Every structure is written in structure tokens, then in C-alpha cells.
Amino acid sequence: MDIDDGAGDRRSRFASSRSCRTFPSKFPTPPIPANYSRLDLSKVRSTALLKPFDFCLCLANPDWESEPFDFLINGVLVRMSLGQFLFRNGISAEKTLEIEYIRAVVPRKEEDPCLHDDWVSAVDGSSPGFILTGCYDGLGRVWEAGTCTHLLEGHSEPVTSVSIINPGGGESFSVATASKDRTLRLWKFNTEDPTNNPLRITAYKILHGHGAAVQSVAAQTSGNMVCSGSWDSTINLWQTDEPDSEGADVSIKKRKTAGEAKESQLEGEAVSSLVGHTQCVSSVKWPEREIIYSTSWDHSIRKWDVDTGKDILNIPCSKALNCLDIGGEGSALVAAGGSDPILRIWDPRRPGTSAPIGQFSSHTSWVTACKWHESSWFHILSASYDGKVMLWDMRTIWPLFVIDSHKDNKVLCVDWWKGDSVVSGGADTKLCISSGVSVQ
């Protein structure tokens, strides 16, 4: 793209990820002023295919609104005027630039919040049919179309983490919850159950073994196991299936009411433990069958070999860490946030270095949660005690947008739902949903 420096009549060129587009030669396109922002460029891009007369009318009308676009030069998103971008990146204004354009990522609509009775501490949006939440009132909840359809009752302390074990389960689903009561619980429910009132269900299996509050739970991709991180500094691995063979490590517990058995529950013990962290294991992820990642307040991220029980990678960090997610390029990048306002990104495929490849620092308080978009190499969400949810793109250090639905209340959890909605929960007792967030 040519910058307006008085050097005569030139044509401006845009390039998409598939092909290069040049403004039609039927009408002259003026050189682009150096003070143009991406909003000005969006107006130029939106009018590029209009007829010459309509093109001039649109540019001259200050009330005309164009479709928002983002623009990349040399793979970097433009987040300032063209002149400032060229100066900061050492690019000559005399050079003809090839600029990629993509539709800007903006939240289109704020849905009505789903109200809870206490802080919303955990959320899982991996199933397109419903949202699973955990709350400080000790309950798990299933939400469909803004309505609570199931209540998961049984924990005696706040629920700290939730995980849908089989997000593509059709109508029947299994989920796991973790709690400050030192247990995990496994639940089954059917989304076709009547929903006139929330259906109260109890866990089919209670998992005992941690010596302190359980902070995080994650399901293996196959759904056969879950892992959990605890304040006792350990990671435990558990079977999710019901026992059908002799010697299974479970017992049957019958709760009695008025002398009669009311219901039976399985009780399970950990099949193995991963030991190495020295403080609270704040977050766990199980992205591959034989690999588990964990973060801890001991300022480290660890990668574990499930078969051997050994950590095969230890990434040090300068801060206590609260959250973790695996995704991005090749589903291999590690994102983590903790006791400062910075979301950090590491690439464990790069040997011999523990330095992050990216840092995002627009929050003003601790980062509590982060989540990669499952189909994008670039986009990741973060949540913070500052009350904000931010969407980041690896191609710029500035957030693409900020969601302020929680109004300065601490945001404790965040996730994607159905690929184009952001779900978050916090100290305002609300599950907030921002829909229409399309990423490329």
C-alpha cells in the first residue's frame, strides 16, 4: 500500500490470505494518508468494490459505517496509524506494501446472564448443547438456553473446577466436579430429561484421596480417566467408568433414610499420583493420551509422562500460577497466568529456552483463567480479578476487545461455547454470555 507522501498517482493493493486484490483501475484510488487508522482502512476496504460514484459518496459521508476489518502487515496486526506502524517496524513509507485483511473480531451481542446463588467459580462450554458451571454454594449446574436444567448436589464446600468428560455424548453426558471438600464427583445426566424445574441429581461416583482442597480437574481425551490438581501439591489420576471386574478399587456406599437404603454410590481411589510440585497444583490439562500439563503456585509449569509418572519438562516462571491451557499453533503452545497482570505464552517445542514467546499485559490484576480457541492458532481468552475478559491475537500485543460484563467484579473463569460465544463467571454470581464472536 502506498502512503501519501506527495509522490504522484499510485494504486493501493490489498492481499487476502488466498489472493492479492487490487482496487479496480476504472477509477483512481488516492494514496492512503499516513495517519489512517484501521477504522479508516476498513472504510477503504469496504468501498473497494463499489462503483466509482458510490465509492466517493461513502468516503465523503462521515455517518457511513463500514464493516470492521483487521489488517496485517508482514504478519503483524496494525493497531495504530499506518505512519506509526511503519516507523515502529522500520518500514519505509516509499515501499509498496501488501496488506492482509480479515474480518475484525467483535462481540455482537450480550445475552441475559444466568444467575447463581454465589460466586461462579468454574465453567465448561465444550458441549454445544449446554454449559456446565460450578459455584461457591457447592452446586454444579447445567444450563440450556439460559435455563438451569440440572442441579448437581453433593459437595459440602465450594466447587472449584468442572469438566465435561464426553462433550460429544449425544443426549447422555458424564461430567466431573472438584471441590474444596477434598473430593471429586462424577455425574451422569440426560439432556432430554424434563426441564420444568431443575432436576436434582447425585453423583454416581465419589473420588477420595487428596489431603487438601481439590483445585482443578481435567478429562482425558478418551473420557476413560480424569486427573486432578490439589492444594496437597499432588496430581491424582482416576478411572471414570463403573467397575465391572473383580478387584476394582471402589466400594459401594449406601445412604439410608428412615432405616432404608435411599441410593447407592461408588467410591473410588486414585489409580496413580504424579508427585513433584511443592505447592498448590492450581490447574491441570490432559491434551493427549499420555501427556498431562500442570501449573502450580511453586512458580512452575510441568509436562508429565502418564506412563512413567515423571515430569519430562519443567518451565520456570517468576510468579505463582493460577491457570493453564494448551492450544494455538499445532495445539502445542502453553498459556498460563498467575499472580500478576500478565498472560504468558510458551512454545515447549523450542529446546533449551524457558523464555515465553509472547506476553500480554493489559490486565490490571491477577489473571485467573485462560482459554485457546479450538480452531484458531492465534486467539486466546483471559480473565482477571480486574473484572475484565480479554481476547488476544498472537499477532499483536493489544487485546482485540475487552468484555466488561462483570462490572469490575472478579472474573474467576472463562471458556468458549459453540465456537463463537464467550462464557464467563465471577464474583457477581453471574454466568455471562457474549455471542457472535467469530474468529479467523
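The values are calculated or read from the model by the stated rules, or taken from the named source; none is laboratory data. Treat the numbers as computed from the prediction; the structure is a model and nothing was measured. Methodologically, a virtual Cβ is constructed for each residue, glycine included, from the backbone with ideal geometry; neighbour enumeration extends over all protein chains shown. Keep in mind that these areas ignore ligands, DNA and RNA; they rest on the heavy atoms of the full protein, side chains included. Shrake-Rupley method; radii C 1.70, N 1.55, O 1.52, S 1.80 Å.
Using the beta-carbon distance between A212 and W398 and R0 = 35 Å, what value does 1/(1 + (r/R0)^6) give for FRET efficiency, to the nearest 0.05?
After rounding to 0.05, the efficiency reads 0.35.
Show the residues, 5+ positions off or on another chain, whose built amide H is closer than 5 Å to the amide H of D70.
So D70 has HN proximity to I102, R103, A104.
Between S435 and R289, what is the label-to-label distance in nm when each label sits 7 Å out along the Cα-to-Cβ direction?
3.8
What is the sum of charges around K371, taking Lys and Arg as +1, Asp and Glu as -1, for the other residues whose C-beta is under 13 Å from the C-beta of K371? Working shown, then result.
Numbers: positive: K285; negative: D124, D325, E374, D415.
The answer is -3.
Taking 30 Å as R0, compute the FRET efficiency from the Cβ-Cβ separation of E67 and E329 and round it to 0.05. Intermediate results must be reported in sequence, preceding the final value.
Details: r = 28 Å, r/R0 = 0.92.
That gives a FRET efficiency of 0.60.
I'd like the projected area of segment 300-424, averaged over all directions, using the convex hull of its alpha carbons. Report it in nm² with one decimal. Don't skip to the end; give the middle numbers.
Details: hull surface 31.5 nm².
Spelled out: convex hull of the Cα atoms, projected over all directions, averaged, 7.9 nm².
Find how much the distance from L115 to D307 grows on full extension, using 0.36 nm per residue of separation minus their present alpha carbon separation; answer in nm with one decimal.
On the way: separation 192, 0.36 × 192 = 69.12 nm, distance 4.21 nm.
Going from the current span to full extension adds 64.9 nm.
What is the calculated FRET efficiency for N196 to V76, with r their C-beta to C-beta distance and R₀ = 45 Å, to the nearest 0.05?
Details: r = 53 Å, r/R0 = 1.19.
In this case the efficiency is close to 0.25.
Keeping all protein chains in place, calculate the accessible area per residue for segment 313-440 (probe 1.4 angstrom), answer in Å².
Numbers: 4650 Å² over 128 residues.
That works out to 36 Å² per residue.
May I ask for the Kirkwood hydrodynamic radius of segment 279-348, worked out over all distinct Cα pairs and given in angstroms to one decimal?
Working: mean 1/r = 0.0834 Å⁻¹.
This gives a value of 12.0 Å.
When Rg is the radius of gyration of the Cα atoms in segment 336-404 and Rh is its Kirkwood radius, what does Rg/Rh come to? If you can, show how the numbers build up before the last one.
Values: Rg = 11.9 Å, Rh = 12.3 Å.
Radius of gyration over Kirkwood radius for segment 336-404 works out to 0.96.
Any chance you could tell me what percent of the C-alpha pair distances in segment 81-131 go past 18 Å?
Considering segment 81-131, 65 percent of its Cα-Cα pairs are separated by more than 18 Å.
Taking H placed 1.01 Å from N in the peptide plane, check which residues at least 5 places from L97 or on another chain put their amide H under 5 Å from its amide H.
Those lying under 5 Å, H to H, from L97 are D2.
List, largest first, the extents of the alpha carbons of segment 109-435 along their principal axes, each in whole Å.
For segment 109-435, the Cα spread along each principal axis is 63, 47, 31 Å.
Using the eigenvalues of the Cα gyration tensor, what equivalent ellipsoid semi-axes result for segment 118-180 when each is taken as the square root of five times the eigenvalue, whole Å, largest first? Don't skip to the answer; put the middle values down first.
Details: eigenvalues 71, 28, 18 Å².
Equivalent ellipsoid semi-axes, largest first: 19, 12, 9 Å.
What residues have an amide H closer than 5 Å to that of C148, excluding those fewer than 5 places away on the same chain, when H is modeled at 1.01 Å from N in the peptide plane?
none
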